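Single-structure report; data block below.
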Amino acid sequence: MKLLRTDKIETNLYELEIRVEGDDWKGGIDRSFRKNVTRLSIPGFRKGKAPRAMVMKMVGEDYFYEDAVNMTYSEAYEKALDEAKLEPVDRADVELKEVSGEGYTFTARVTTRPEVTLGEYKGLEGTRPNSTVAPEEVQGELDRMADRNSRLVDVDDRPAENGDTTEIDFEGFLDGEPFPGGKGEKYTLVLGSNQFIPGFEEKIAGHSVGEDFEIAVTFPEEYHEESLKGKETTFRIHLHSIKKKEVPALDDEFAKDVSEFDTLEELRADLTAKLQERKNAAADEELENALVDAAAANAQMEIPPVMVERKIDEMVQNFEYRLQSQGLNLPTYLQYAGMEMSAFREGFAAQAQQQVRVALTLEAIIKAEDIQAEEEAIEAEFQKMAESYGIEAEKVKTVVSAESVADNLKFNKAIDLIKSTAKVTDAPKEEAAEEAKEAAPAKPKTTRKRKPKAEEKAEEEPKTEE
């Protein structure tokens with residue numbers, strides 16, 4: 001292999017001209033011959049048994065050039081990259097210039113990892129978010145626990161209200177004719193959940209158990225079914241049942257039922273400690289992200305668009321995996337969201353750009369500080385993963401490479417360096433208290449005294465899908 005020239009076309013884009021000849025080329029032809037000779041029919045010889053000279057005379061040496069090029073250009077390209085000291089971030093655009101019995105020449109246009117000029121990354125200023133746990137937050141946790149342990153009870157003495165869980169039969173009519181998908185029997189519908197089109201649930205309210213009635217509703221203009229967009233329809237309804245949610249009283253009996261504690265105050269203290277732990281971790285993470293983002297903002301680089309596109313590919317794929325775990329797929333999601341793939345990808349662009357920028361900055365810090373990952377630390381990480389997955393460390397090593405573990409350790413060391421040298425102040429506590437008040441949910445109004453466990457089994461609120 002000979003690297004004939006290295007030209008910088010533009011920022012992060014280079015063109016290499018590479019020559020393959022001599023033993024490298026002859027070796028490629030030999031490999032191509034061995035691959036193809038068994039396919040050739042030479043008069044007087046069984047396939048694969050004709051002398052090489054006879055084969056070359058009959059079909060010509062150039063018959064083997066294409067495979068010989070394919071078998072040799074990749075290695076030649078890698079050697080040329082090493083010689084030129086270039087680190088690609090995408091597949092090269094390769095063009096074959098000429099090929100003969102003496103060898104061949106090709107060009108490769110390659111996008112490279114950008115050069116990063118670090119700015120300030122030590123001594124950065126940061127504010128650690130306040131992690132004080134406000135009483136409102138603890139109360140909110142208790143209220144949510146009470147809501148999860150609520151039960152549904154039948155309502156016979158009043159019409160349906162917003163928040164009730166109803167069971168209905170329904171059938172929709174468009175211009176007097178039933179339309180596909182507009183019918184359901186014994187369908188569980190929580191009024192106010194917005195499962196159905198606007199106006200539907202509101203018009204169930206006010207009707208009583210056993211009642212048959214009709215409601216008129218208009219489908220939204222942006223409805224996914226073309227034939228129903230903006231159309232006024234009539235639904236015939238039969239109301240089978242109405243149930244309301246009863247939320248347990250927050251007392252010592254409640255604490256005994258839902259936890260290992262005997263009193264509500266003990267449960268409250270445990271929730272406070274756990275909330276404090278979570279808020280401390282969240283505050284540390286927010287501070288860390290802010291400091292790393294600041295270091296990345298101080299660095300100078302020109303990020304190749306292909307790096308951002310590859311990161312978007314990764315983020316879209318991860319999103320699709322999450323959908324699949326829920327029994328969905330991306331095309332269906334986009335259809336119901338009324339979104340084109342291009343717009344969906346664009347939604348990840350800013351985040352992808354920042355993630356690439358941060359990664360490049362941390363890589364530059366690792367290089368500048370000569371940060372290393374010790375063998376003992378790498379082995380300890382494998383042991384951690386093995387314990388987490390409940391398998392032997394040697395099996396983990398067959399799936400996760402030591403190189404990737406070492407890279408993660410070095411990234412973490414770079415982040416620790418940024419944090420350890422930063423000048424950090426704490427946010428005022430008053431801000432956290434105000435945020436907690438705004439975030440705290442309204443306390444449930446309907447309560448019930450809990451019966452002994454032997455007499456009562458909490459019911460879950462039904463979950464329905466449109």
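The values are calculated or read from the model by the stated rules, or taken from the named source; none is laboratory data. Remember, predicted model here, so these are calculated numbers, not experimental data. As a convention, Cβ positions derive from the backbone with ideal geometry for all residues, glycine included, and neighbour counts pool all protein chains shown. Just the protein is used for accessible areas: all its heavy atoms, side chains included, with ligands, DNA and RNA removed. Shrake-Rupley method; radii C 1.70, N 1.55, O 1.52, S 1.80 Å.
Return the residues of region 219-250 that are open to solvent by 50 Å² or more (accessible area, probe 1.4 Å) and under 37 Å from the mean Cα position of the chain (by Cα); say none if nothing qualifies. If the condition is that a residue be open to solvent by 50 Å² or more (accessible area, probe 1.4 Å) and under 37 Å from the mean Cα position of the chain (by Cα), then Glu221, Glu222, His224, Glu225, Glu226, Ser227, Lys229, Lys245 are the ones that fit. Quick one: would you say Ala364 is open to solvent by less than 30 Å² (accessible area, probe 1.4 Å) and touching a Leu at 6+ places or on another chain (Cβ under 7 Å)? It is true that Ala364 is open to solvent by less than 30 Å² (accessible area, probe 1.4 Å) and touching a Leu at 6+ places or on another chain (Cβ under 7 Å). Within region 218-231, the set of residues being without any contact (Cβ under 8 Å) to a residue 60 or more places away in the chain and part of a loop (DSSP other than H, G, I, E, B) comprises Phe219, Pro220, Glu221, Tyr223, Glu225, Lys229, Gly230, Lys231. Assess whether Thr165 counts as being touching a residue at least 24 places away in the same chain (Cβ under 8 Å), among the β-branched types (Val, Ile, Thr), closer than 30 Å to Ala249 by Cα and surrounded by 13 or more Cβ atoms within 10 Å (Cβ to Cβ). In short, yes.
Confirm whether Lys8 is charged (D, E, K, R) and farther than 30 Å from Pro305 by Cα. Judged against the criteria, Lys8 is not a match. Give the residues of region 397-418 that are touching a Phe, Trp or Tyr at 6+ places or on another chain (Cβ under 9 Å), farther than 30 Å from Glu125 by Cβ and surrounded by 15 or more Cβ atoms within 10 Å (Cβ to Cβ), sorted by residue number. If the condition is that a residue be touching a Phe, Trp or Tyr at 6+ places or on another chain (Cβ under 9 Å), farther than 30 Å from Glu125 by Cβ and surrounded by 15 or more Cβ atoms within 10 Å (Cβ to Cβ), then Lys397, Val405 are the ones that fit. Answer yes or no: is there a residue in region 381-396 that is closer than 30 Å to Glu120 by Cβ and open to solvent by less than 30 Å² (accessible area, probe 1.4 Å). No, there is no match, as no residue in region 381-396 is closer than 30 Å to Glu120 by Cβ and open to solvent by less than 30 Å² (accessible area, probe 1.4 Å). Taking only pairs six or more apart or across chains, which ones have beta-carbon atoms under 9 Å, a first residue in region 247-259 that is within 18 Å of Val153 (Cβ to Cβ), and a second residue that is open to solvent by less than 20 Å² (accessible area, probe 1.4 Å) and part of a loop (DSSP other than H, G, I, E, B)? Once the first residue is within 18 Å of Val153 (Cβ to Cβ) and sits in region 247-259, its partners that are open to solvent by less than 20 Å² (accessible area, probe 1.4 Å) and part of a loop (DSSP other than H, G, I, E, B) give Val247/Ser150; Pro248/Ser150. One residue stands out in region 1-28 among those that are open to solvent by 50 Å² or more (accessible area, probe 1.4 Å) and of a type in the set (S, T, N, Q): the one that is modelled with the highest pLDDT, namely Thr6.
Only a single item in (1) crowded, with 17+ Cβ neighbours inside 10 Å; (2) part of a strand (DSSP E or B) is not met by Tyr121, and it is number (2). From Pro198, Pro178, grab the single residue that is loosely packed, with under 13 Cβ neighbours inside 10 Å, in contact with a Pro (Cβ under 9 Å, 6 or more places away or on another chain) and either under 20 Å from Leu228 (Cβ atoms) or hydrophobic (A, V, I, L, M, F, W, C) (or both). Matching residue, one of Pro198, Pro178: Pro198.
Just so you know, in region 145-162 the residues that are part of a loop (DSSP other than H, G, I, E, B) and either of a type in the set (Phe, Trp, Tyr) or in contact with a strand residue (DSSP E or B) (Cβ under 7 Å, 6 or more places away or on another chain) (or both) include one that is nearest to Thr234 (Cα to Cα), and it is Ala160.
When Asp212, Asp147, Asp157 are screened for being in contact with a His (Cβ under 6 Å, 6 or more places away or on another chain) and not hydrophobic (A, V, I, L, M, F, W, C), only Asp212 passes. If Asn318 satisfies every condition in (1) surrounded by fewer than 15 Cβ atoms within 10 Å (Cβ to Cβ); (2) in contact with a helix residue (DSSP H, G or I) (Cβ under 7 Å, 6 or more places away or on another chain) but one, which is the exception? Answer for Asn318: the failing condition is (2).
The helices (runs of 4 or more DSSP H) found wholly in region 232-340 and carrying at least 1 residues that are modelled with pLDDT of 95 or more occupy 252-258, 264-298, 305-325.
Which one of Leu152, Leu239 is within 30 Å of Leu267 (Cα to Cα) and of a type in the set (A, V, I, L, M)?
Checking each option against the conditions leaves just Leu152.
Checked against the criterion of being aliphatic (A, V, I, L, M), more than 24 Å from Met307 (Cβ to Cβ), surrounded by 12 or more Cβ atoms within 10 Å (Cβ to Cβ) and modelled with pLDDT of 95 or more, the candidates Val69, Val37, Val55 yield just one match: Val69. Contact list please: Cβ distance under 7 Å, first residue in region 51-68 and among the small types (Gly, Ala, Ser), second residue at pLDDT below 90 and surrounded by 15 or more Cβ atoms within 10 Å (Cβ to Cβ), pairs at least six apart or on different chains. Close Cβ pairs (under 7 Å, with a partner that is at pLDDT below 90 and surrounded by 15 or more Cβ atoms within 10 Å (Cβ to Cβ)) do not exist here. Only one of the numbered conditions (1) open to solvent by 30 Å² or more (accessible area, probe 1.4 Å); (2) of a type in the set (D, E, K, R); (3) modelled with pLDDT of 95 or more is not met by Asp143, and that is (1). Checked against the criterion of being part of a strand (DSSP E or B) and farther than 12 Å from His240 by Cβ, the candidates Phe196, Phe170, Phe179 yield just one match: Phe179.
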